[in-house]
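A short worksheet on the structure shown next.
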Amino acid sequence: MLTDFAMAQDRKLFAWVRLLGQMTPFRSRGPLRTYWMGGPHGTRFSYFCSELVLECLLAASLLDPNRTRPSATYPCDLFYGTSTNTFINDNLDVNASWEPPARWTLSPP
């Protein structure tokens, strides 16, 4: 299922128009709009990078669609495992599955 979904997303555009919309009060990341607009959409015309990652995890049934808001999740939410958006902060459990980010060094500590 994941391979089919990922192959269907090949050559999709970056969501520049929706990125500009994030600077308005109508953004999908707003505290109230997250519940209605931020949910999974499946195949779209364009994606944010973090949105595509979460849609792929949903296609692979690795995340709960009731607790995942791809279009309301920013890359920093995935990177740090925490968010200023309360819905995402309460429901995004990425640090339960992998280690938090660490500084890259040329030699081990």
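The values are calculated or read from the model by the stated rules, or taken from the named source; none is laboratory data. Note that the coordinates shown come from a computational prediction; the quantities given were computed from them, not determined experimentally. Positions of Cβ are backbone-derived with ideal geometry, glycine not excepted, and every protein chain shown enters the neighbour counts. Heads up: the accessible areas ignore ligands, DNA and RNA and are worked out on the full protein's heavy atoms, side chains in. Shrake-Rupley method; radii C 1.70, N 1.55, O 1.52, S 1.80 Å.
What the table below lists for this structure:
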quantity: Positive-pole candidate from F14, P25, A102, dipole of the chain, charges at beta carbon; calculated: P25
quantity: Net lengthening on full extension, Y80/M23 (0.36 nm per residue, minus Cα-Cα); calculated: 18.3 nm
quantity: Of all accessible heavy-atom area on the chain, the percent that carbon and sulfur account for (1.4 Å); calculated: 65
quantity: Simple Cβ-charge dipole of the chain, Lys/Arg +1 and Asp/Glu -1, about Cα centre, in debye nearest 20; calculated: 440
quantity: Accessible area in square angstrom per residue, the chain, 1.4 angstrom probe; calculated: 70
quantity: Cβ-based net charge around A15, under 10 Å, with every Lys or Arg adding one and every Asp or Glu removing one; calculated: +2
